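Participant: Below: one structure in structure tokens.
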Amino acid sequence: MRNADGGRRNRSYGRRAPKREPGIDPDESVPRFAFRLPRLLVGATILILFAAACQGDGRTPLVIYSPHGRDLLTLLERRFEQLHPDVDVRWLDMGSQEVYDRLRSERANPQADVWFGGPATIFARGAADSLLEPYRPGWAGAIAPHGRGPGDRYFAVYETPAVIVYASQALSADAAPHDWDDLLDPRWKGKILIRDPLASGTMRAVWGMIIERGLRQTGDTAAGFRWLRRLDAQTKEYVLSGALLDQKIVRQEGLVTIWDLPDILLSTRDGLQLGYVFPASGTPVIEDAIGVVRHARHRAQAQAFVEEVGSIAAQLVATREAYRLPARLDLPVDSLPPWAREVRRAMRVAEVDWDLLAARGPEWMRHWDETVRGHAR
């Protein structure tokens with residue numbers, strides 16, 4: 001999450017200081033909770049803090065679990081509260097896998113109303129585990145068929161590319177790796193940092209792409225795991241959070257990483273010296289989804305939030321102010337900001353069997369953790 005002064009995310013929690021968002025009245029500041037905590041501590045802390053914060057407010061609390069971070073969540077929170085002044089939006093920022101794990105642990109007594117953000121592959125597992133309930137928003141027809149979850153349990157709202165990232169103070173664009181296999185070059189040994197894939201939907205998608213690519217080429221997953229073992233030998237550290245990953249690259253504790261494009265664009269906007277490259281052979285473009293939590297306590301408000309996030313107005317605001325590529329197919333190209341048009345032009349989308357990743361991804365990640373991580377060094 002980002003501090004109220006626009007700085008990078010921290011790992012503390014508390015009330016947010018007022019911050020002016022574009023198009024928002026600066027006098028209208030509604031503090032919220034925004035924090036990351038170790039998984040075992042999150043549950044009790046949420047209940048205590050939410051209960052304390054909601055006392056005497058009178059509005060209906062709408063609880064959102066999301067990996068999207070302060071910039072986007074604050075933007076949409078305030079937009080939604082302007083449209084629905086009787087609703088108090090409260091969000092918890094955690095990794096994609098952590099959202100899934102938390103919703104599973106709360107299945108008998110849900111604390112969240114909306115699951116907002118993360119690869120559709122994780123949402124597919126959530127749907128299979130009865131964590132989501134059917135709801136078809138009015139904008140569903142504007143989403144590509146593959147972005148619509150079975151039984152209307154989730155829908156894609158953004159497209160999130162994964163890119164190769166480098167420390168721009170230390171490397172020129174020409175010197176940086178330009179494709180996935182370039183990361184295996186001996187000159188990058190000990191200079192690569194990786195976000196911990198077990199907690200990150202983005203990295204699970206990249207790992208799944210590599211394994212599925214090898215399976216498609218050879219008929220066996222062994223090729224993909226060999227590739228990941230070679231990358232493990234190059235990797236200096238698996239980093240606990242995306243924010244820490246950015247900082248470590250800027251400090252040149254490592255020179256190269258893999259991460260999602262929106263976070264890198266936000267970081268560079270905030271002054272971090274990072275560069276990125278679209279892999280020449282193709283980048284996985286994650287369908288970033290949203291859905292209503294099964295047995296949500298505030299179902300009507302949750303459905304209204306889903307409607308708002310996928311609306312044309314909210315999609316364009318998220319694109320212009322939080323660097324999100326909209327999943328809607330009906331937005332005119334000239335309505336998109338220059339950065340989004342350039343991404344559409346320059347990016348080569350990798351061929352990925354997302355259904356296979358949804359089905360076998362958890363098994364592959366367990367195997368990677370048990371037999372690859374740290375075994376090549």
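The values are calculated or read from the model by the stated rules, or taken from the named source; none is laboratory data. As the structure is a prediction and not an experimental result, all values here were calculated from the model. Cβ: placed from backbone, ideal geometry, glycine included. Neighbour counts: every protein chain shown. Note: accessible area is taken over every heavy atom of the protein model, side chains too, but ligands, DNA and RNA are not part of it. Shrake-Rupley method; radii C 1.70, N 1.55, O 1.52, S 1.80 Å.
Participant: Taking H as built 1.01 Å from N, whose amide H comes closer than 5 Å to the amide H of Leu132, not counting residues under 5 places away?
Facilitator: For Leu132, whose amide H was placed from the backbone, the distant partners under 5 Å are Arg294.
Participant: How much net charge surrounds Gly58 when only the other residues with a Cβ under 10 Å from the Cβ of Gly58 are counted, with Lys and Arg +1 and Asp and Glu -1?
Facilitator: Its environment carries a net charge of -2.
Participant: Another one. Counting Lys +1, Arg +1, Asp -1, Glu -1, what net charge surrounds Asp113 among other residues with beta carbon under 10 Å of its beta carbon?
Facilitator: +3
Participant: Leaving ligands and nucleic acids out of the surface, order Arg78, Arg341 by accessible area at 1.4 Å, largest first.
Facilitator: From most exposed to least exposed: Arg341, Arg78.
Participant: From largest accessible area down, sort Arg269, Arg230, Arg79, Arg328; use a 1.4 Å probe on the protein chains.
Facilitator: Arg230, Arg269, Arg79, Arg328
Participant: Which net charge results when you count Lys and Arg as +1 and Asp and Glu as -1 among the other residues whose beta-carbon is under 12 Å from that of His146?
Facilitator: -3
Participant: Just to be sure I understand the model, the point goes 7 Å from the Cα along the line to the Cβ. What's the resulting Glu237 to Asp355 distance in nm?
Facilitator: With each label point 7 Å from Cα toward Cβ, the separation is 4.2 nm.
Participant: Out of residues 5 or more away from Tyr154 or on other chains, whose amide H comes under 5 Å of its own, with H placed 1.01 Å from N in the peptide plane?
Facilitator: Excluding prolines and chain starts, which carry no amide H, the hits are Gly149.
Participant: Also: Taking the Cα centroid of the stretch 221-251 and of the stretch 128-164, what is the distance between the two, rounded to the nearest whole Å?
Facilitator: Value for the Cα centre distance between the two parts: 29 Å.
Participant: Quote to one decimal, in nm, the extra length available between Asp270 and His295 on full extension: 0.36 nm per residue of separation minus the C-alpha distance between them.
Facilitator: Contour length minus Cα-Cα distance gives 5.1 nm.
Participant: Another question about this same structure. Could I get the Rg over Rh figure for the stretch 231-377? Both from C-alpha atoms, Rh via Kirkwood, rounded to two places.
Facilitator: That ratio is 1.00, to two decimals.
Participant: Search the structure for amide H atoms under 5 Å from the amide H of Val87, placed 1.01 Å from N in the peptide plane, and list their residues when 5 or more places away or on another chain.
Facilitator: When sequence neighbours closer than 5 places are left aside, the close amide H contacts are Thr60.
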